[in-house]
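Shown next, in structure tokens, is the structure this report addresses.
The values are calculated or read from the model by the stated rules, or taken from the named source; none is laboratory data. Treat the numbers as computed from the prediction; the structure is a model and nothing was measured. Note: ideal-geometry Cβ built from the backbone for every residue, glycine included; neighbour counts use all protein chains shown.
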Amino acid sequence: MKIYFLTFGCKVNLYETENMKQLFSESGHSVCSSEEEADAFVINSCTVTGTGDKKLKKEIRRLRRNYPQSVIILTGCFPQAFKSEADMITEADIITGTKNRVELPKLLEDHISQKHRITSVCEYGRNEQFEHMSNKSFENNTRAFVKIQDGCGMFCTYCIIPYSRGNFRSKPLDDIVSEISELAASGYREVVLVGINLSFYGIDFGKRLADAVEAVCGIEGIERVRLGSIEPEMITPDDIERLAKLDKLCPQFHLSLQSGCDKTLKAMNRRYLSADYEKIVNLLRDNFEDCSITTDIMVGFPGETDEDFRQSLEFAEKIGFAKAHIFPYSPRKGTPAAEMANQVPEDVKHRRAAQMADAMEKCRVKFLESQVGKEFPVLFEREKDNGIHHGYTPNYTQVKILTKSSEKSLRNRLFYVKIIGLGNDCCIGEILYCK
């Protein structure tokens, strides 16, 4: 059968979708690039927000309406967290969660042979092992993503993830090295380590995230290692000291903040204060040259007053993020925050989001301006587009350069580039020489 994949959510979901493509291909099916030629659809869902759930259901209804004879498979976080609600989506022929997805091709075969609807959502136990999932390629990407951690046990009051992903689980070091060694042999030069709560890598068997990063940096052929989103709770001065010794580790850290107000952080059940966060940022900047810090910031959490928001805004401006993802709080059914009193009105949430976004855009421009005049190795990712090539510096600043039409593609090649100006949310550079 020809299978078309749709992914909702984060980079972890994108990684898992690539893995599912591989599973189906190895089972004799083919992955197609357009809906029109598909015999079956695999939808890898996210359930971080209620709004996302609505979009998911709308998309499933659209697929069933447009392709009535197709097989629709719903998998991922939504059915895992809300099994009974997912079961009510009658347009889906097969429903499964985030566990045991290696069984997906078999479930499809069972549905085809037995002609009946299948719901197979397995609950997580106390001592779950990391599900073995590995990828050999990432379509046209020059950057490979490798999931090394899953699950979370922190139970932030707004978050459904512990219910949709289970407790902390980590991929064994030997499996990480084996998978990334294969990717390096296939020509990938940059790898991103991702996880649901990456900072807690190894907590289930006595290792730390730094152990995984050191192992990956030792793999021949890999020239750049990046980290996905990390939480502040498990990052220590010793970890930062170890990481700073690794030349291949890129100095860009997406350190989730959520709020710069201590009162709000406590209500969120976050396990740090703004002062703790600031110390980590300062340590990173002291240990990594040209370090960039990016983040997520939530506004309008239940009980957030104008003064609380002001504190959060001023703290974010003080940190000076290279980039920040701003989003208004959205009640997530099944979490304590959804039942809290003093829910912030929607118009107030969106006004605060706009104000925070405006302030963070100014920080973004200031950061880009600070890059002008500097020289960086840039790994180019995209083919020519009207003579313009796109790539990223180690600190994840996007760089665009204009090349002559006669020049070969720069894709997946490293060049030293001088930053000469600013573009739209990027820097403009000129090539100095090939690394």
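Restricting to segment 53-92, name every residue that is more than 24 Å from Asp150 (Cβ to Cβ), touching a residue at least 40 places away in the same chain (Cβ under 8 Å) and not in a helix (DSSP H, G or I).
Val71
If you scan segment 1-35, which residues turn out to be among the acidic types (Asp, Glu) and in contact with a helix residue (DSSP H, G or I) (Cβ under 9 Å, 6 or more places away or on another chain)? Write out each step before concluding.
Step one: list which residues in segment 1-35 are among the acidic types (Asp, Glu), which gives 16, 18, 26, 35.
The answer is Glu16, Glu26, Glu35.
Could you run through segment 220-239 and say how many residues are under 30 Å from Gly187 (Cβ atoms), surrounded by fewer than 20 Cβ atoms within 10 Å (Cβ to Cβ) and either aliphatic (A, V, I, L, M) or without any contact (Cβ under 8 Å) to a residue 24 or more places away in the chain (or both)?
The number of residues fulfilling the criteria is 1.
For residues in segment 251-282 being free of Cβ contacts under 8 Å to residues at least 12 places away in the same chain and basic (Lys, Arg), which is farthest from Pro302 (Cα to Cα)?
Lys279
Would you call Arg242 out of contact with any Leu (no Cβ under 6 Å at 6 or more places or on another chain), surrounded by fewer than 21 Cβ atoms within 10 Å (Cβ to Cβ) and not hydrophobic (A, V, I, L, M, F, W, C)?
Details: out of contact with any Leu (no Cβ under 6 Å at 6 or more places or on another chain): yes; surrounded by fewer than 21 Cβ atoms within 10 Å (Cβ to Cβ): yes; not hydrophobic (A, V, I, L, M, F, W, C): yes.
So Arg242 fits the description; yes.
Could you say which residue among Ile95, Ile148 is in contact with a Pro (Cβ under 6 Å, 6 or more places away or on another chain), in a strand (DSSP E or B) and not hydroxyl-bearing (Ser, Thr, Tyr)? Show your work before the answer.
Details: Ile148 fails: in contact with a Pro (Cβ under 6 Å, 6 or more places away or on another chain).
That would be Ile95, the only listed residue that is in contact with a Pro (Cβ under 6 Å, 6 or more places away or on another chain), in a strand (DSSP E or B) and not hydroxyl-bearing (Ser, Thr, Tyr).
Name the one entry in Asn197, Asn167, Asn100, Asn141 that is of a type in the set (S, T, N, Q), surrounded by fewer than 20 Cβ atoms within 10 Å (Cβ to Cβ), under 19 Å from Val48 (Cβ atoms) and out of contact with any helix residue (DSSP H, G or I) (no Cβ under 6 Å at 6 or more places or on another chain).
Numbers: Asn197 fails: surrounded by fewer than 20 Cβ atoms within 10 Å (Cβ to Cβ); Asn100 fails: under 19 Å from Val48 (Cβ atoms); Asn141 fails: under 19 Å from Val48 (Cβ atoms).
Just one listed residue meets the conditions, Asn167.
Out of all the residues in segment 388-396, is one or more out of contact with any Lys or Arg (no Cβ under 9 Å at 6 or more places or on another chain), farther than 30 Å from Pro331 by Cα and either buried (at least 18 other Cβ atoms within 10 Å of the Cβ) or modelled with pLDDT of 95 or more (or both)? Before the answer, list the steps.
So the first thing to find is which residues in segment 388-396 are out of contact with any Lys or Arg (no Cβ under 9 Å at 6 or more places or on another chain), and the list is 395.
Among the residues that remain, those that are also farther than 30 Å from Pro331 by Cα are: 395.
Right, trim to either buried (at least 18 other Cβ atoms within 10 Å of the Cβ) or modelled with pLDDT of 95 or more (or both) and you get 395.
Checking segment 388-396: at least one residue is out of contact with any Lys or Arg (no Cβ under 9 Å at 6 or more places or on another chain), farther than 30 Å from Pro331 by Cα and either buried (at least 18 other Cβ atoms within 10 Å of the Cβ) or modelled with pLDDT of 95 or more (or both).
Give the residues of segment 1-48 that are among the β-branched types (Val, Ile, Thr) and assigned to a helix (DSSP H, G or I), sorted by residue number.
Step one: list which residues in segment 1-48 are among the β-branched types (Val, Ile, Thr), which gives 3, 7, 12, 17, 31, 42-43, 47-48.
Answer for segment 1-48, where residues must be among the β-branched types (Val, Ile, Thr) and assigned to a helix (DSSP H, G or I): Val12, Thr17.
Take segment 295-333 and flag every residue that is under 30 Å from Glu241 (Cβ atoms) and either buried (at least 20 other Cβ atoms within 10 Å of the Cβ) or among the hydrophobic types (A, V, I, L, M, F, W, C) (or both).
Listed by number, the residues that qualify are Thr295, Ile297, Ser312, Phe315, Ala316, Ile319, Phe321, Ala322, Ala324.
Could you check how many residues of segment 199-244 are under 18 Å from Asp174 (Cα atoms) and either not hydrophobic (A, V, I, L, M, F, W, C) or not assigned by TED's automatic domain parsing to the domain that holds Asn282 (or both)?
Residues in segment 199-244 being under 18 Å from Asp174 (Cα atoms) and either not hydrophobic (A, V, I, L, M, F, W, C) or not assigned by TED's automatic domain parsing to the domain that holds Asn282 (or both): 11 in total.
Output the number of the condition that Val192 fails; it satisfies all remaining conditions of (1) aliphatic (A, V, I, L, M); (2) without any contact (Cβ under 8 Å) to a residue 60 or more places away in the chain; (3) assigned to a strand (DSSP E or B).
Going through the list (1) aliphatic (A, V, I, L, M); (2) without any contact (Cβ under 8 Å) to a residue 60 or more places away in the chain; (3) assigned to a strand (DSSP E or B), Val192 breaks only (2).
So which residues in segment 124-145 are part of a loop (DSSP other than H, G, I, E, B) and either at pLDDT 95 or above or under 20 Å from Ser170 (Cβ atoms) (or both)? Give the derivation first.
Restricting attention to segment 124-145, the residues satisfying the condition of being part of a loop (DSSP other than H, G, I, E, B) are 124-142.
Once the filter is applied, which keeps residues that are part of a loop (DSSP other than H, G, I, E, B) and either at pLDDT 95 or above or under 20 Å from Ser170 (Cβ atoms) (or both), segment 124-145 yields Tyr124, Gly125, Arg126, Asn127, Glu128, Gln129, Phe130, Glu131, His132, Met133, Ser134, Asn135.
Looking at (1) outside any loop (DSSP other than H, G, I, E, B); (2) in contact with a Pro (Cβ under 9 Å, 6 or more places away or on another chain); (3) not basic (Lys, Arg), which is the one condition that is false for Phe205?
So the condition that Phe205 fails would be (1).
Can you tell me how many residues in segment 213-270 are touching a strand residue (DSSP E or B) at 6+ places or on another chain (Cβ under 8 Å), farther than 29 Å from Met360 by Cβ and assigned to a helix (DSSP H, G or I)?
Residues flagged as touching a strand residue (DSSP E or B) at 6+ places or on another chain (Cβ under 8 Å), farther than 29 Å from Met360 by Cβ and assigned to a helix (DSSP H, G or I) within segment 213-270 amount to 2.
Would you list the strands (runs of 3 or more DSSP E) that sit entirely within segment 307-426 and hold 2 or more residues that are out of contact with any Leu (no Cβ under 7 Å at 6 or more places or on another chain) and within 30 Å of Tyr163 (Cα to Cα)? Reasoning before the result, please.
Working: elements: 323-328, 375-380, 388-392, 398-402, 414-422.
Qualifying strands (runs of 3 or more DSSP E): 323-328.
Can you tell me which residues in segment 273-322 are more than 23 Å from the chain's Cα centre (by Cα) and under 25 Å from Glu375 (Cβ atoms)?
Asp286, Asn287, Glu289 - these are the residues of segment 273-322 that are more than 23 Å from the chain's Cα centre (by Cα) and under 25 Å from Glu375 (Cβ atoms).
Does Ile203 fit the bill of being over 16 Å from Leu249 (Cβ atoms) and either surrounded by 22 or more Cβ atoms within 10 Å (Cβ to Cβ) or over 18 Å from the mean Cα position of the chain (by Cα) (or both)?
On the way: over 16 Å from Leu249 (Cβ atoms): yes; either surrounded by 22 or more Cβ atoms within 10 Å (Cβ to Cβ) or over 18 Å from the mean Cα position of the chain (by Cα) (or both): yes.
Yes; evaluated as a whole, the condition is true for this residue.
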